Amino acid sequence: MTPLTPDAVMARISAALPGDCRQNVIIIGSLAAGYHFFSDDGQRSIRTKDVDCMFSPHAKAVVTAGQVTERLLKATWQPRKKGEWSAPGDEHTPDDKLPLIRLEPPGPRAGADWFLELLSAPIANAVEAKTFHRVKTSVGHFAICSFNYLALAEWNPIKTRYGVHVARPEMMALANMLHHPRIGPELIAGTTDKRSNKDLGRVLALAWLTAEQDRRKGTEELDSWAGRMSDALRTCFPGNARQLAETAGAGLRELLASTGDRDQALAICNRGLLASMEVGRDAFAATGRRVIQQVVEPLAEAMVE
């Protein structure tokens, strides 16, 4: 994967989006984290194939996704043709068998660097972990999916100078912890990497970057994570906030206890979000211990009060 400058990619995406929908866009994942931490440093880069663009709120997501897709297709963006179910469906295709909206930017290197994937914010208090929503376009039927814990990305997202928002690092970290209460066997397509190791490793990468930024700027952002997570859980999941807080660190503890899984998580991070830094094994493990002590345990304690 070619290193990407987060600021340049963010500018290109924002310019391609209709102006009246930018305020409803929340960028999540690697680009959001890269922009948050590296937008003021042109020497830092990330490696990622997919740029996740979530439309919020859920009630507007399907209509907005359709409008944006049509706009990008007219601007010669192309549906990504790699992977399973890449061809558009029709009215007979079940929602969960439709291809996701994944669009490659125009240009001679289209497909070589990154593609845009459209997502939907979840329905309030969603129970199902993952749902699909049909989007009808001029070239066929697609789907956008939503994940229940991505409701956290809607909690006080950070507005960028390009008009779109990025999810807060601690909210992405919490969503990943909740999605993986244990190390699962599922692999990332075409690799031997466990999906849970990638996502739980991302939690530690976000914490490492936050701590590194705190050192440079004299801030105490990592100390604020537990309090913000507590507030977000009470807002987004009022019915079971306490239970979620008490179990949030289970998968992370399992990752830290397994040298093999932890090393795989680190390798994935060093190929992606931490590509320009090459964090070592000792620093990665130490960050994990710090997250348990400074974030996970205080989060559970905050819900008891």
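The values are calculated or read from the model by the stated rules, or taken from the named source; none is laboratory data. Bear in mind the structure is a predicted one, so any value in this text is a computation, not a measurement. Virtual Cβ from ideal backbone geometry, glycine too; neighbours counted across all protein chains shown.
A few comments on the model shown:
- Subset of the range 231-252 that is assigned to a helix (DSSP H, G or I) and free of Cβ contacts under 8 Å to residues at least 40 places away in the same chain - its residue that is surrounded by the fewest Cβ atoms within 10 Å (Cβ to Cβ): 243
- For the range 6-21, the count of residues that are touching a helix residue (DSSP H, G or I) at 6+ places or on another chain (Cβ under 8 Å), touching a residue at least 24 places away in the same chain (Cβ under 8 Å) and outside any helix (DSSP H, G or I) is at least one.
- Qualifying residue in the range 204-223 (condition: within 18 Å of the chain's Cα centre (by Cα), part of a helix (DSSP H, G or I), within 13 Å of residue 288 (Cα to Cα) and of a type in the set (Phe, Trp, Tyr)): yes
- Residue, farthest from residue 103 (Cα to Cα), within the range 11-38, restricted to residues that are surrounded by fewer than 20 Cβ atoms within 10 Å (Cβ to Cβ) and among the small types (Gly, Ala, Ser): 19
- All of 302, 285 fail the test of being surrounded by 14 or more Cβ atoms within 10 Å (Cβ to Cβ), out of contact with any strand residue (DSSP E or B) (no Cβ under 9 Å at 6 or more places or on another chain) and modelled with pLDDT of 95 or more, apart from 285.
- Within the range 39-51, the presence of a residue that is assigned by TED's automatic domain parsing to the domain that holds residue 123, surrounded by 22 or more Cβ atoms within 10 Å (Cβ to Cβ), among the small types (Gly, Ala, Ser) and touching a strand residue (DSSP E or B) at 6+ places or on another chain (Cβ under 7 Å) is excluded.
Results for (1) under 21 Å from residue 122 (Cα atoms); (2) more than 21 Å from the chain's Cα centre (by Cα), shown as yes or no for each residue.
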{"position": "28", "(1), (2)": "yes, no"}
{"position": "39", "(1), (2)": "no, no"}
{"position": "53", "(1), (2)": "yes, no"}
{"position": "68", "(1), (2)": "yes, no"}
{"position": "77", "(1), (2)": "no, yes"}
{"position": "81", "(1), (2)": "no, yes"}
{"position": "89", "(1), (2)": "no, yes"}
{"position": "95", "(1), (2)": "yes, yes"}
{"position": "98", "(1), (2)": "yes, yes"}
